[in-house]
1. I need the GluC sites (Glu not before Pro) found in region 92-165, filtered to DSSP loop residues with at most 11 other beta carbons within 10 Å of theirs.
2. Computing the accessible area with a 1.4 Å probe over protein heavy atoms, can you report the carbon and sulfur percentage for the chain?
3. Could you compute the net charge surrounding residue 116? Neighbours are other residues with a C-beta less than 13 Å from the C-beta of residue 116; K and R count +1, D and E count -1.
4. Taking 8 Å as the Cα distance limit and 6 or more residues as the minimum spacing, I'd like the relative contact order of the chain as a percentage.
5. What does the convex hull of the Cα atoms come to per residue for the chain, in Å³?
6. Using 0.36 nm per residue, how much length does the chain from residue 257 to residue 182 gain when fully extended, once their Cα-Cα distance is taken away?
7. In square nanometres, what is one fourth of the surface area of the convex hull spanned by the alpha carbons of region 154-229?
8. Between residue 203 and residue 300, what is the spin-label point distance in nm, taking each point 7 Å from the Cα along the Cα→C-beta axis?
Amino acid sequence: MSSDMSSAPAYPMARGCPFSPPAEIGRLREEEPVARVRTWDGSLPWLVTRYDDVRAILSDPRFSSDPGRDGYPVTSAGMKQQHKANPTFIAMDDPEHARHRRMITGEFSVRRTEALRPTVRRITEELLDAMEAAGGTADLVTDFALPLTSTVICELLGVPQEAHTFFQEHSNALLDVKGDPARAGRAVEELTDYLTALVAQKTAEPSDDLLGRVVERRVKTGEMTEREVASLGILLLVAGHETTANQIALGVLFLLQNPQYAAIMREGDDKAVAAACEELLRLLTVTHIGRRRVAVEDVEVNGALIRAGEGVIASGDAANRDPRQFADPDRMDIHREQNHHVAFGYGIHQCLGQPIARIELQTAYPAILKRFADLRLAVPLDEIDYRGDMVVYGVHSLPVTWGDER
């Protein structure tokens, strides 16, 4: 392990290849799997890049998820401000984390999420109808991926449809790693005000949606405050549409560049489509900034001593390309027998909404490729603008076209 802190490499967020982690990440995984890196604020956390080490850290209570602890490697000044003003259970450790998570776990049961599949299909087809009616070109991000995922999460939570644009604008402010902290602070404040008012309305007028049920079962019993439910709503809104929307758009771009896999999505049965979606989750891993932790006591990881108070970045995209776990890891293989990727994290903080994300992916990819069999990029590949500057990787826009015009 390098002991020369002055020469520590900066953490490489923006990808060199649009579909793969930076080459430097792969080099570190092979040569220095637990390495010091320098982040945006000059701090020097440890970057962990091997699959087994990443899973070990994410399941070890000696690594805290609390951004308020000294040494925690926050992604930006804006995110630091957000965590301070708007704490949620993903930024808590057990037992507090478990208490908060248990309050909504039932909302994401297999039975309840599977019941959403017809709703996802309906919204998907409505958006594709609108794209088709508008003509032979579209921006797949703004015309399909974002409205699909935001509409689904808003319907799930019980948020009015007219608020979608408001949430998208404020999500962008929170997820811009190079953005103005003051802008991010205003976004947190305005989101909190909106959700607090909505929760208060649901307290007065019960509704059969996620927020309404949480109010009925938790707020009225004194287990949660309206402010805590509002904070939960912000978490679910931002996390519930940004990650999946970018996975959809980036996945479509990948499939357009690899038509043999697009054919599987278009023509395959449910099992093949599900396997292809898992491979896209593994290969693309849009949470490219890694899962952040801070050691609460001295811990040895793969020969490196991480001392209490030192930050850790567990690199999921590097872990998902680790050849020790995945044979031929840079190739899409829908016949991979064991695809235990960490795209949704691992351990107690594994993504609660992953069943819904899977339903959206399994619905969106086949639907758009079947509807527009000749779907193609409307601009050269090298003109695509990638989200290396955002907490969630993907594309800022994806101009596509179909039909006879070339």
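1. In loop regions of region 92-165 (DSSP not H, G, I, E or B), there are no sparsely surrounded GluC sites (Glu not before Pro).
2. 49
3. Around residue 116, the charge tally is +1.
4. That works out to 26 percent.
5. Measuring per residue, one finds 135 Å³ for the Cα hull of the chain.
6. Once the chain is fully extended between residue 257 and residue 182, it gains 23.1 nm.
7. On the way: hull surface 21.0 nm².
Averaged projected area of region 154-229's Cα convex hull equals 5.3 nm².
8. 5.3
The values are calculated or read from the model by the stated rules, or taken from the named source; none is laboratory data. Quick caveat: nothing in here was measured; it's all calculated off a predicted structure. No Cβ is skipped: glycine too gets one built from the backbone with ideal geometry, and neighbour counts run over all protein chains shown. Ligands, DNA and RNA are stripped out before the accessible areas are found, and what is left, the full protein with its side chains, is counted by its heavy atoms. Shrake-Rupley method; radii C 1.70, N 1.55, O 1.52, S 1.80 Å.
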